[in-house]
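To keep things clear, I will list the structure first and then write my remarks on it.
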Amino acid sequence: MKFCFRINHSCSRYLSALIILVLCAQGFPAQGESKVWSERKFDRTILSIDKDIRRKRWEKVIERSQQALPQCHALYSEQATSCILILKNINQSYEKIRAFNPDKTQIEGAYRLSSDVLGRAHSTTKSARDYYYKYLIFNEHYAEAIPLLMEIINLEKNGANDAYQLMERYKQLYALEGLTENWPAEEAALTKVMSLAQQVLGRESEDFKAAVEALAYNYCTQKKYYEYFELIRKQQQEIACFSAPNTTPNSSPLYQLLTIKKPRYWRQ
């Protein structure tokens, strides 16, 4: 028996659709799918990025680097130094234009990768950590910022060990611990601020007196009244204890001296 296969207009459209579905199921590449670059093309792009950096064309640096990053991962690996440096270029370029990278994973990833691969004390890790720290403060993720600040403090202790710089860092730590209502940790930070302020600026300095007052408030918050009275007796300062249990450290004079401030000119 002969079988006649006649294709009408409706059948033709059906077959076309079926062919497309089969090709898609087999992984037929779409027309716009990007291909992995050759190493030569990747190297040329890196040279172009370096040229853009020298010319301070930050938007162009971001654009080229975002294109090069997945290619770097495909050619090498996420842990490759060249890929970490591309991430650094992206974030630093955003910083140059007073903005935060809209991709938080790239901000955190730059810090994590550089710390794991290059080490915590490496200059690339330092810039990535500082940028991540600013991002967390700007977005009020205070609890997440504390481990970064502790890392910064420990590195500075093992490095220049500048007493004044450490005092400023401990002021920031005091603020963060207070904002997260970790009163024992705030007490420890304030004790360091008071000690360093006395060492660097003297007992008559505004910083030292403000640290004493903030520590007195902390003792009141924790209901450590013996420590409170001993402190004001020893330092000979008249400091009223908090009467309201919900008083926050924002009213402390030391809080006004903080160098930890949101950069208003930055944007998301």
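Would it be correct to say that TYR164 is out of contact with any Cys (no Cβ under 7 Å at 6 or more places or on another chain), in a helix (DSSP H, G or I) and buried (at least 16 other Cβ atoms within 10 Å of the Cβ)? Give the steps one after another, and end with the answer.
Details: out of contact with any Cys (no Cβ under 7 Å at 6 or more places or on another chain): yes; in a helix (DSSP H, G or I): yes; buried (at least 16 other Cβ atoms within 10 Å of the Cβ): no.
In short, no.
For the list (1) among the β-branched types (Val, Ile, Thr); (2) touching a residue at least 24 places away in the same chain (Cβ under 8 Å); (3) in the same structural domain as GLY202 (by TED's automatic domain parsing), I need the number of the one condition that ILE153 fails.
With respect to (1) among the β-branched types (Val, Ile, Thr); (2) touching a residue at least 24 places away in the same chain (Cβ under 8 Å); (3) in the same structural domain as GLY202 (by TED's automatic domain parsing), ILE153 is out only on (2).
Tally up the residues in the range 91-112 that are under 13 Å from the mean Cα position of the chain (by Cα) and touching a residue at least 60 places away in the same chain (Cβ under 8 Å), please.
3
So which residues in the range 57-70 are in a helix (DSSP H, G or I) and either of a type in the set (D, E, K, R) or touching a Lys or Arg at 6+ places or on another chain (Cβ under 8 Å) (or both), if there are any at all?
TRP58, GLU59, LYS60, GLU63, ARG64, listed by residue number.
Being hydrophobic (A, V, I, L, M, F, W, C) and closer than 18 Å to LYS104 by Cα is the filter; apply it to the range 114-145 and report the residue that is surrounded by the most Cβ atoms within 10 Å (Cβ to Cβ). I'd like the intermediate steps shown before the answer.
The initial filter retains those residues of the range 114-145 that are hydrophobic (A, V, I, L, M, F, W, C), namely 117-118, 121, 128, 136-138, 143, 145.
Among the residues that remain, those that are also closer than 18 Å to LYS104 by Cα are: 128, 136-138, 143, 145.
Details: ALA128: 26, LEU136: 22, ILE137: 21, PHE138: 16, ALA143: 13, ALA145: 24.
Ranking the qualifying residues of the range 114-145, first place goes to ALA128.
Which residues, counting only those in the range 149-170, are among the hydrophobic types (A, V, I, L, M, F, W, C) and more than 16 Å from the chain's Cα centre (by Cα)? Explain how you work it out, then say what you get.
Taking the range 149-170 and keeping what is among the hydrophobic types (A, V, I, L, M, F, W, C), we get 149-150, 152-153, 155, 160, 163, 166-167.
Across the range 149-170, the qualifying residues are LEU155, ALA160, ALA163, LEU166, MET167.
Inspect all residues belonging to the range 257-266 and state whether any of them is closer than 21 Å to ILE153 by Cα, at pLDDT below 95 and of a type in the set (Lys, Arg).
yes
Quick check on my filter: what residues within the range 102-113 are under 16 Å from ILE62 (Cα atoms) and surrounded by 21 or more Cβ atoms within 10 Å (Cβ to Cβ)?
If the condition is that a residue be under 16 Å from ILE62 (Cα atoms) and surrounded by 21 or more Cβ atoms within 10 Å (Cβ to Cβ), then ILE107, ALA110 are the ones that fit.
Taking the condition hydroxyl-bearing (Ser, Thr, Tyr), at pLDDT 95 or above, part of a helix (DSSP H, G or I) and in the same structural domain as GLU108 (by TED's automatic domain parsing), does TYR132 pass?
When the stated conditions are applied, TYR132 passes them.
Please specify each residue of the range 113-125 satisfying the condition of being free of Cβ contacts under 8 Å to residues at least 24 places away in the same chain and out of contact with any Phe, Trp or Tyr (no Cβ under 9 Å at 6 or more places or on another chain).
Scanning the range 113-125 gives SER115, GLY119, HIS122, SER123.
The values are calculated or read from the model by the stated rules, or taken from the named source; none is laboratory data. All values derive from a computational prediction rather than experimental measurement. Every residue, glycine among them, receives a Cβ derived from its backbone with ideal geometry; neighbour counts consider all protein chains shown.
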